[in-house]
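Novice: Starting off with a structure, shown below.
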């Protein structure tokens, strides 16, 4: 019986053998092509499957890292809130104890020590706090006096002295900083400053700010301040300018003597007295970390008193047995010295920088926040704002009273 499924060779001379498959006669050459096509199809299918699996793996990895980013961001934000809690507790303890309002890096709360990494869900967080009132406030170089903006000459000189201590006489960007802050391009340019015509001529042009700085990093836009100068030379022990200068400091340019670094203390004293003596600053710095100053008058034993200014008498002299007694020049000298010290320094603070670090696996996120804490004495704030004019004063009264107000918040990743 003949079976149609048998394979019978075709013996015709000059041709390739043929086979009969499923009742059809197929040459071996055609069968080879079909096999190649089948292999190509399998290869393409394998490539598609591999691509799909690779894409799935990438998506899974992306989702994992997105989850890590979220956890790290959450931990960093929580660390900032933790820092605010530390500052709030320190303030409450101070008020409860009845002690003078003093912010120091060595007080009982140890707020300046920050905190090491702590677990938060699957991530970890760390908090670091710095006092912005312990730095030179660039926005106080020009201040309002009875509604008119004026140069704060002692603070301007203090800033020059700071850059002299940092870089010697080879670099002085103070004129350029003043032009960046001042009223407008129509004002007289400082001798070594720059206005918009300079900045607009750069390869990447931009206008001069002509107003208060929003962040300390804005210094990188100012003429002469390169990244190298901003971040400092670590080999020489220099820290970034952000550790000495601020845009969120005391409005009059005073510095918290209990938290300022030696160069800042020396520069402030030199700006007001003309005497640049780092050794005095080092003594004050060491004393503040041993026993914080509770009143600026305590600095009189470190900072020499200026000569007595002969000014018209504004106070009635004391009377004994109905007769006027002459004022003691030494009393007047002490009064002037105390007033001078109060224009240089303070012992407490209202604004702090909080670094919140969050870590999840290999992912780390930093949140930097500048927070204004409820002032110790609102009368002091009201007095300062009254000098700005009625409109600004009303804006202050319209602000809801809170323990903290966030001035700036940014994420660094």
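Novice: How would you rank 202, 221, going from fewest to most other Cβ atoms within 10 Å of each one's own Cβ?
Specialist: 202, 221
Novice: Also, I was wondering about something else. Suppose the chain between residue 170 and residue 339 were pulled fully straight at 0.36 nm per residue; how much longer would it get relative to their current alpha carbon spacing?
Specialist: Value of the extension gain: 57.4 nm.
Novice: Kirkwood Rh over alpha-carbon pairs of region 124-212, then Stokes-Einstein at 20 °C and 1.002 mPa s: what D in µm² s⁻¹, rounded to an integer?
Specialist: For the chosen part, D equals 144 µm²/s.
Novice: With N set to the residue count of region 63-199, report its C-alpha Rg divided by 2.2 N^0.38 Å to two decimal places.
Specialist: Scaled against compact globular proteins, the figure is 1.53.
Novice: Hey, another quick one. So what is the relative contact order of region 158-301, in percent, for Cα pairs below 8 Å that sit 6 or more residues apart?
Specialist: 21
Novice: Could you give the spread of the C-alpha atoms of region 226-265 along their three principal axes, from largest to smallest, in whole angstroms?
Specialist: 31, 19, 10
Novice: Give the order of 290, 248 when sorted by the count of other beta carbons within 10 angstrom, beginning with the fewest.
Specialist: By the 10 Å Cβ count, ascending: 290, 248.
Novice: In square nanometres and to one decimal, what's the mean projected area of the convex hull around the Cα atoms of region 87-167?
Specialist: That works out to 9.8 nm², a quarter of the Cα hull's surface.
Novice: Give, in whole angstrom and from largest to smallest, the semi-axes √(5λ) of the equivalent ellipsoid of region 142-285, with λ running over the eigenvalues of the Cα gyration tensor.
Specialist: 26, 19, 13
Novice: Please sort 105-112, 266-273 by packing, taking for each peptide the average over its residues of neighbouring beta carbons within 10 angstrom, highest first.
Specialist: Packing order, densest peptide first, comes out as 266-273, 105-112.
Novice: Label points 7 Å out from Cα along the Cβ direction at residue 230 and residue 109: separation in nm?
Specialist: Between residue 230 and residue 109, the label points sit 3.1 nm apart.
Novice: Okay, next question. Restricting things to alpha carbons, find the Rg to Rh ratio for region 78-121 using the Kirkwood radius for Rh.
Specialist: Dividing the radius of gyration by the Kirkwood radius yields 1.03.
Novice: Percentage of Cα-Cα pair distances in region 204-248 greater than 11 Å, rounded to whole percent?
Specialist: Distances greater than 11 Å cover 70 percent of the Cα pairs.
Novice: Right, something else. Output the relative contact order of region 102-220, whole-number percent, from Cα pairs under 8 angstrom with separation of 6+ residues.
Specialist: Computed over region 102-220, the figure is 15 percent.
Novice: Given points 7 Å out from each Cα along the Cα-Cβ axis, report the residue 238 to residue 81 separation in nanometres with one decimal.
Specialist: 4.0
Novice: Over 5 Å intervals from 0, what percent of Cα-Cα pairs in region 233-306 sits in each interval?
Specialist: Pairs per bin, as whole percents: 3, 14, 25, 26, 19, 9, 3, 1.
Novice: What is the list of residues in region 143-179 whose amide nitrogen lies under 13 Å from a point 7 angstrom out from the Cα of residue 198, following Cα to Cβ?
Specialist: 172-179
Every number in this text was worked out from the coordinates using simple rules, so none of it is lab data. Values in this document were obtained by computation on a predicted structure and should not be read as measured data. All Cβ positions, even for glycine, are placed from backbone atoms using ideal geometry, and neighbour counts span all protein chains on display.
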